[in-house]
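Computed from the coordinates by the stated procedures, all read-outs in this text should not be read as laboratory data. Since this is a predicted model, take the numbers as computed values, not measurements. Every residue, glycine as well, gets a Cβ built from its backbone with ideal geometry; the counts of neighbours run over all protein chains shown.
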Amino acid sequence: MERASQIGKFSDRDKIWDMVVVGGGATGLGVAVGNARPECKDCWAKLYCSGGCAANAYHATGSITGVYEYGCELFKKRVECAIMIKVAENQELAAQGIEVPIELGGTCNACADGEACE
């Protein structure tokens, strides 16, 4: 699958889609899904959820392209809390004089130290 051509298929917003992309991960398709839904256009979490769960949207709205608002708010709160927990952990380490480098795509501190993630 060629990433650029796949993402390009999402540019026609008037087209009815017969597929759903769940996740997005390394392909970056989550960006396209987040941008395909007008409700997600300005959402700070769209790159994390990729437009949400299509099954939940279907059960809540009757359409796989709908937005399950309760799930959306819950997901955003989870991500917000996870980010704040990581910030608090890093602040504690910084207060102890331990520098914590920020690495995009890097391993967690436990993995870097050879410990298992829990």
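Take 55-67, 86-98 and order them by the average number of nearby Cβ atoms within 10 Å per residue, most first; the result is 55-67, 86-98. Spacing of the modelled spin labels on Ala4 and Cys81, each 7 Å from Cα toward Cβ, amounts to 4.2 nm.
The stretch between Ala94 and Glu73, if pulled fully straight at 0.36 nm per residue, gains 4.4 nm over its current Cα-Cα span.
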